[in-house]
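Input: a single structure, listed below in structure tokens.
What follows is calculated from the coordinates using simple rules that are stated; it is not laboratory data. No experiment lies behind these values; they were computed from the predicted model shown. As a convention, Cβ positions derive from the backbone with ideal geometry for all residues, glycine included, and neighbour counts pool all protein chains shown.
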Amino acid sequence: MKTMILMAATLVLAAPLAIAGGPDDDTLTINDDIEIVTKTDAPAHLDGLDTIYSGWHFRDDGTQEMEMDDFDNPGMIFVDMARDTWATPEGAAGKSCADCHNDPESMAGVRAVYPKWSEEAGEVRTLQMQVNACRTERMGAEPWKYDAGAAINMEALLASVSRGMPVDVAIDGPAGETWARGKELYYTRYGLLELSCANCHEQNFGNYIRADHLSQGQINAFPAYRLKNAKLNGVQGRFKGCIRDTRAETFSPGSPEFVALELYVASRGNGLSVEGPSVRN
Amino acid sequence: MAEGVKPRVKAPKKASAGEVVTIKTLISHPMESGQRKDGSGNPIPRSIINRFTCTFNGQMVIDVTLEPAVSTNPYFEFEATIPEAGALEFTWYDDDGSVYEDSKSIEIG
């Protein structure tokens, strides 16, 4: 967490909370430039919700404000680290990301369509899996462990260059089977508490869970810098935390179950802007 | 030697004479407190930024002592009155003797 020494605090956000715990009416513009769609109509496949909200709406004004400027967003430190990694040759082929892909900015739009069916691999791949395929096949480098620091930093870099673009993951065609699997997981109750994702994030978003607000569990804004652990957190690590909280044995980040769930949850946010790296508590 | 240390500063390029401007600084640094132990139970030695200063044309604007309880990536936001054109010099002092510096010039206009 940033050490803040504020001699004069100015509140940019003055809009009041709509209802206690519920999504507020603020709007998000990053660097006075990138307009972020944080609230829109739910995609057609989604029956349980009418309007979808980014988790940004459920945080307090101070946390929201940190995301409005790259200097104030601690997640951008990790994006900078990934920029260095991007340009550093690694592995047997002596190549860096930049040798094939030039600037990270050339990857704009990529984050918005992942997880995505890979024709050559015959499977649905998350962004991290695709990066690792690049590392092992093209660079001859060691793959990163799923949700490891370097992998999440790279995901954050790729997200940062796509900010403002609408999430648009494909749910039909060859990805359909994985998507259906993810949907089944979403509505399956797990653990001693017998909770499914939907029990909290579809039926009770906007209510309190202990002292915190329940969001819709949208993942358009991942990776997320969490003030509680002062680092970037991946989607699947978050899934694991959620399932653990139902007192269940969880799947592992990188497992086929979580890949399917990531595709399904991403599709629930089709239409929201890519927002990562975001700031959450 | 702490790794990945990178100072960042955000200050306006222009100000009118006598204007109070807001300056933001951030340095990426692990701020290892000295209280933690590694996997085999040995204490990890303290390694923090222990002092931060900002001067304007040689005159001290702010001089901060940091203690081990300060979190990772210390961030400071403060105000300064800019009487004339000149340069803000920022200096961070590391426990290991390293000194990190940055500077920003401000025009009057």
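The calculated 222 nm mean residue ellipticity attributable to helices in chain A amounts to -8500 deg cm²/dmol, summing -39500 (n - 2.57) over DSSP H runs of n ≥ 4 and dividing by all residues.
Summing charges over all other residues whose Cβ lies under 14 Å from the Cβ of A:ASP147, with Lys and Arg as +1 and Asp and Glu as -1, gives +3. Between the stretch A:57-99 and the stretch A:158-221, what is the separation of their alpha carbon centroids in Å? The stretch A:57-99 and the stretch A:158-221 have Cα centres separated by 24 Å. Remark on the stretch A:82-160: ratio of C-alpha radius of gyration to 2.2 N^0.38 Å is 1.02.
Exceeding 30 Å between C-alpha atoms, which entries from my cross-link table qualify? They are A:LYS95/B:LYS13; A:LYS228/B:LYS13; A:LYS228/B:LYS6.
Values: A:LYS95/B:LYS13 38 Å; A:LYS228/B:LYS13 34 Å; A:LYS228/B:LYS6 22 Å.
Violating the 30 Å limit, Cα to Cα: A:LYS95/B:LYS13; A:LYS228/B:LYS13.
Considering only C-alpha atoms, what is the centroid distance from the stretch B:1-43 to the stretch B:58-95, in Å? Rounded to whole Å, the Cα centres lie 10 Å apart. The order of B:MET31, A:MET154, A:MET68, going from fewest to most other C-beta atoms within 10 Å of their C-beta, is A:MET68, B:MET31, A:MET154. Working note: Cα gyration tensor of chain A, eigenvalues times five, square-rooted, sorted largest first, giving semi-axes of 28, 25, 17 Å.
The Rg/Rh ratio of the stretch A:135-174, with Rg taken over Cα atoms and Rh as the Kirkwood radius over Cα pairs, comes to 1.09. Scanning chain A for DSSP H helices at least 30 Å long along the axis (C-alpha atoms) with a Kyte-Doolittle mean no lower than -1.0 picks out nothing. When each pair of different Cα atoms in the stretch A:131-281 is counted once in the 1/r mean, what is the Kirkwood radius in angstroms, to one decimal? Here the Kirkwood hydrodynamic radius works out to 16.3 Å.
Projecting each Cα onto the charge dipole of the stretch A:34-279 (Lys/Arg +1, Asp/Glu -1 at the beta carbon, about the Cα centre), which of A:THR188, A:THR63, A:LEU272 comes out farthest on the positive side? Highest projection toward the positive end goes to A:THR188. Overall form of the stretch B:28-109: prolate. Here a/c, set by the Cα gyration tensor axes a ≥ b ≥ c, is 1.5 or more, and a/b is the larger of a/b and b/c. Cβ crowding within 10 Å, taken as a proxy for footprinting-reagent exposure, orders A:HIS45, A:HIS213 from fewest neighbours to most as A:HIS45, A:HIS213.
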